[in-house]
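Single-structure report; data block below.
The values are calculated or read from the model by the stated rules, or taken from the named source; none is laboratory data. Predicted model, so just to flag it, every value in this text is computed and none were measured. Cβ placement follows ideal geometry from the backbone for every residue including glycine, while neighbour counts extend to all protein chains displayed.
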Amino acid sequence: MEAASLWAGVRFTARNGSPEALLTDAAGQGLHLYGVFSLPGGFYGHCAAWQYRRLAALARHRRVRLRVEKRKGLYFLLRPLLRRKGLWTGLVAWGLVLLWLQGLIWAIDYSSLTTGQRARAEAILREQVQLMPGSAVTQEKLAAGEYALLQSGEFSWASLNFLDGRLVVEVAAAKPVPDITAGKADGVFAKAAGTVVRTNLVSGTMLAAPGQAVEAGQLLIGTSRTERDGTPIYEPAAGAVFAQFDWESTQEEPLKITAKRLTGKHFSRRVISTNGQRISLPSWKPFSEETALVTTRHIQPDILGFGLPFSVEETTYSEQTEQEILRTERQALALAKLHSLQALFRAYPDAAFVAQKEDVSVENNILYYRVVYTIVANICAE
C-alpha cells in the first residue's frame with residue numbers, strides 16, 4: 001500500500017476520451033498514479049487525494065470521464081469529526097482546564113516526615129500560607145511556606161517542591177541549641193528555708209554545708225573562687241543543694257458539682273476548600289451550638305488512592321447537658337490528696353517524702369483538706 005493511501009488516497013476510474021494520453025500527461029506533470037489496471041474503454045488506478053484535482057483538469061482536456069470509486073485513509077475517517085465544532089471546542093476547553101488544574105495541589109507528600117513533624121508542618125502550611133489540597137501554587141507561596149516552617153523553630157531545613165499537582169514536603173528537625181553557660185552569673189539562691197542534707201557543686205563556690213540551716217533567698221552557690229596563689233576566678237554558679245523542710249498545701253473540694261454530659265446528639269458542618277476559596281455546605285442544626293462540644297478535623301478526599309484538588313473541613317457539634325453530681329467524702333478526699341501531690345511535684349519534681357500530717361473537715365458540703373509534707377528536695381532556685 002502506498003503511503004498516500006494511509007493519510008488520504010482515492011481509487012478512480014477513467015473512461016472514454018484518450019485514457020492513454022491522460023496517463024502520458026499525468027506522468028509529464030509529475031502526478032504519481034499507482035495500482036493502474038486496464039478496463040474496457042479505459043483504466044482504473046489510485047492517486048493521492050491532493051493530486052486528484054490536477055488529474056481531473058488533465059482528464060477534461062483529453063475528454064476523459066473520471067469517477068471516484070473509493071476514498072481511503074485517516075483523513076477521510078477524521079473528516080466528519082473535524083466538522084463538529086462543538087467537539088473541538090470542548091476538547092480545547094478541557095485542555096485549558098487540565099493546564100489550570102496542573103497549577104493546583106492535588107496531593108501533598110509528607111512521606112519523609114515523622115507523624116509529629118507531619119502534623120506540625122501540615123498545620124503551619126495550612127494556617128499561615130494556605131498551602132493545602134485545592135489551593136493554587138506560586139513560587140512566592142512555596143518560598144513563604146519554607147520560611148514559615150523555618151520560623152517555627154522546629155525545623156532547621158525545609159524544602160517544598162511542586163510538580164504536576166503534587167507538593168513534596170521535606171524537612172530536617174531542628175537540633176536543640178546547647179546551653180553554653182554552665183550556671184548563673186549572679187549565683188544560686190534558696191527558694192525555700194530548710195536544713196541542708198547534701199550538696200552537689202558543678203561550678204562556682206559552695207556556700208552551704210550539710211547540717212546548716214538556710215533561709216529562703218539565701219545565696220547557696222557563689223560565682224567566685226580563689227586560686228592557691230590568691231588569684232580570684234569568676235565562673236557561673238551551678239549545682240544542687242538538697243534540704244529537709246516542710247511544705248504545706250490546702251485544698252477545697254465541693255461534695256456537689258455540676259458537670260457536662262454528652263447526650264449522644266450531634267451534627268456536622270462541612271466546608272470545602274479549593275484554590276483559596278471556602279464553600280460551606282448546607283447542614284441541619286437540631287440544637288444550639290453555643291454549649292456544644294466542638295471537634296474539627298480535615299479530610300483529604302481521594303479516588304482509588306489519588307488525592308482530589310480540594311479538602312474538606314468537618315466540624316462536629318456534640319450536644320451537652322449539665323448534670324448535678326454528688327461526691328462522697330471519700331471521693332472528695334482522694335481528689336484533694338491528688339491535687340496536693342500534683343502541686344508538690346510541680347514545685348519540687350525530685351521531692352522525697354520523710355513524713356506528713358493531714359487535717360480534714362467538712363462544712364457546707366465542702367471538704368477542706370490541709371496537709372504538711374516533710375520532704376527532702378533541691379531548694380536551688382531556677
*Test result for Tyr373, surrounded by 17 or more Cβ atoms within 10 Å (Cβ to Cβ) and under 18 Å from Thr250 (Cβ atoms)*: yes
*Name the pairs whose Cβ atoms lie under 6 Å apart, with the first residue in segment 333-345 and closer than 16 Å to Tyr368 by Cβ, the second polar (S, T, N, Q), and 6 or more positions between them or separate chains?*
Ala336/Gln251; His339/Gln251; Ser340/Ser249; Ser340/Gln251; Ala343/Ser249
*Would you be able to say whether some residue in segment 115-128 is β-branched (Val, Ile, Thr), modelled with pLDDT of 80 or more and outside the structural domain of Phe12 (by TED's automatic domain parsing)?*
yes
*Within segment 210-218, identify whether any single residue is in a strand (DSSP E or B) and at pLDDT 90 or above, and answer yes or no.*
yes
*If you go through segment 125-143, how many residues are closer than 16 Å to Val271 by Cα and exposed (fewer than 12 other Cβ atoms within 10 Å of the Cβ)?*
1
*asked:* Would you confirm, using the coordinates I've provided, whether Val312 is out of contact with any helix residue (DSSP H, G or I) (no Cβ under 7 Å at 6 or more places or on another chain) and under 30 Å from Ala243 (Cβ atoms)?
replied: no
*Consider Glu319 carefully, then state whether it is loosely packed, with under 10 Cβ neighbours inside 10 Å, part of a strand (DSSP E or B) and either outside the structural domain of Val371 (by TED's automatic domain parsing) or at pLDDT 85 or above (or both).*
no
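Per-residue answers, yes or no, for (1) over 21 Å from Phe189 (Cβ atoms); (2) touching a residue at least 24 places away in the same chain (Cβ under 8 Å); (3) surrounded by 16 or more Cβ atoms within 10 Å (Cβ to Cβ):
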position	(1), (2), (3)
Leu220	no, yes, yes
Thr223	no, yes, yes
Thr226	yes, no, no
Ala240	no, yes, yes
Glu253	yes, yes, yes
*asked:* Of everything in segment 36-75, what is farther than 16 Å from Thr24 by Cα and β-branched (Val, Ile, Thr)? Give them in sequence order.
replied: Val68
_Subset of segment 150-167 [more than 16 Å from the chain's Cα centre (by Cα) and either surrounded by fewer than 12 Cβ atoms within 10 Å (Cβ to Cβ) or in a strand (DSSP E or B) (or both)]_ = Gly153, Ser156, Trp157, Leu163, Asp164
*Could you check Ser318 against (1) among the polar types (S, T, N, Q); (2) over 30 Å from Ile366 (Cα atoms); (3) out of contact with any Lys or Arg (no Cβ under 9 Å at 6 or more places or on another chain) and say which number it fails?*
(3)
